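> Shown below is the structure under consideration.
Here, each number is a calculation from the coordinates, and none is a lab measurement. Quick caveat: nothing in here was measured; it's all calculated off a predicted structure. All Cβ positions, glycine included, derive from the backbone under ideal geometry; neighbour counts span all protein chains shown.
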Amino acid sequence: MARPPRIPESEITPERLYLGRRDFLALGAGGAVGAAALTSAIARAATPAGTPLSAVKKQNFAGDEKPNTLDEITHYNNFYELGTDKEDPAVHAGSLKPRPWQIAVEGEIKKPRIFDIDELMKLFPLEERIYRMRCVEAWSMVIPWLGFPLGDFLRRLEPTSKAKYVAFTTLFDPAQLPGQQRAVLQWPYVEGLRIDEATHPLAMLAVGLYGQTLLGQNGAPIRLVAPWKYGFKGIKSIVKIRLVADQPPTSWNLSAPHEYGFYANVNPAVDHPRWSQAKERRIGEFGRRKTLPFNGYADQVASLYSGLDLAKNF
Ligand code: MTE
């Protein structure tokens, strides 16, 4: 996504990265698998387990589409604070300590306060929701998230009438998130939603996936999931949620305003300036499939944007 590389990730990432490096290595270049490559294959095989979580309700929002594997979901990531290659976050996630963790809620709400993550998880029953997720780089996955509706959380905060937007902030701690030692983006990562988007029933705060707590690479211990938007809206490892009157700054828009807008609704009709958004590559599949408006969630969310020029408000 960053300026370099100029070719979208979807074009340049060889199949081996997401089909499983070990399968590729097993094929080997003429069978000659080096010791370093073997070590990497073994390291990759061990996906650390999170803590098991149970859901009170399970809902599938991805039709008959098969969820990606845990291995794919945890080894092909964007989390620039843990490195800019897709495999970096899994390798470096150990430096991120998701407990103890606090989330400050502030701004236009009745009573600003700080929640401990474990306290928060007790307040809201966890649901499993299987969502299609579409990255702006034209790849996609299907992920069984565990979390609760962001709207339930926001209503509990009792927003004032001035609250028109929700601003989210990722942890800033270069020791835990070593990518913050380099100015790839302005740190900390920030994101935002309009309040009606944030309280839409599809928007959720996720604390887990595949029946266990999130691993560092997926944004432990808590991250945003808005399945009708490009993946970069899904800010990870949140420490602050602020309700505000004005549209808040967002990281990728600050970095490249002509390429990444505030709304970031999945829209196959509006290309990224450097690549098409008409199709996407589902991780684990060959070929490409058509991208759907609002990532297939138009029936649920399109009314939020009636009257808005989606080419201008990209
Ligand atoms: N959040 C933070 N703090 N830093 C990031 O670099 N990358 C975003 C988003 N959230 C990012 C982030 C992008 S570009 C995508 S596509 C999704 O996380 C990827 O989420 P996943 O790795 O869990 O699939």
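> Alpha carbon centre of region 72-115 versus region 219-270: separation in Å?
14 Å
> How far apart, in nm, are two points set 7 Å out from the Cα along the Cα-to-Cβ line at ILE114 and at GLU65?
4.0 nm
> A follow-up question, please. Excluding residues on the same chain fewer than 8 positions from LYS162, give the lysines whose Cα lies under 27 Å from its Cα.
LYS110, LYS111, LYS229, LYS233, LYS236, LYS240, LYS312
> Another question, if that's okay. Going toward the positive end of the dipole of region 14-305, with +1 on Lys and Arg Cβ and -1 on Asp and Glu Cβ, which of GLN300, SER95, LEU82 do you reach last?
Checked the options; the winner is GLN300.
> On to the next question. Exposure proxy check: LEU177, LEU154 ranked by fewest other beta carbons within 10 Å?
Placing the least packed residue first, the sequence is LEU154, LEU177.
> Something else about it: If every alpha-carbon in region 71-211 counts as one equal scatterer, what log10 I(q)/I(0) does Debye give at q = 0.19 1/Å?
Values returned for q = 0.19 Å⁻¹ are -1.46.
> Tell me which of PRO67, PRO149, TYR263 sits at the most positive position along the dipole axis of region 14-305, charges placed on C-beta atoms (Lys, Arg +1; Asp, Glu -1).
Selected residue: PRO149.
> Follow-up question, since we're still on this one. Quick check on packing: order 248-255, 131-138, 306-313 by the mean number of other C-beta atoms within 10 Å, highest mean leading.
131-138, 248-255, 306-313
> As a test of the formula, what do you get for the chain when each DSSP H run with n ≥ 4 contributes -39,500 (n - 2.57) and the sum is divided by the residue count, at 222 nm and rounded to the nearest 500 deg cm²/dmol?
About -4500 deg cm²/dmol.
> How long are the semi-axes of the equivalent ellipsoid of the chain, taking √(5λ) for every eigenvalue λ of the Cα gyration tensor, in whole Å from largest down?
In descending order, the three semi-axes are 30, 23, 19 Å.
> How much net charge surrounds GLY147 when only the other residues with a Cβ under 11 Å from the Cβ of GLY147 are counted, with Lys and Arg +1 and Asp and Glu -1?
-1
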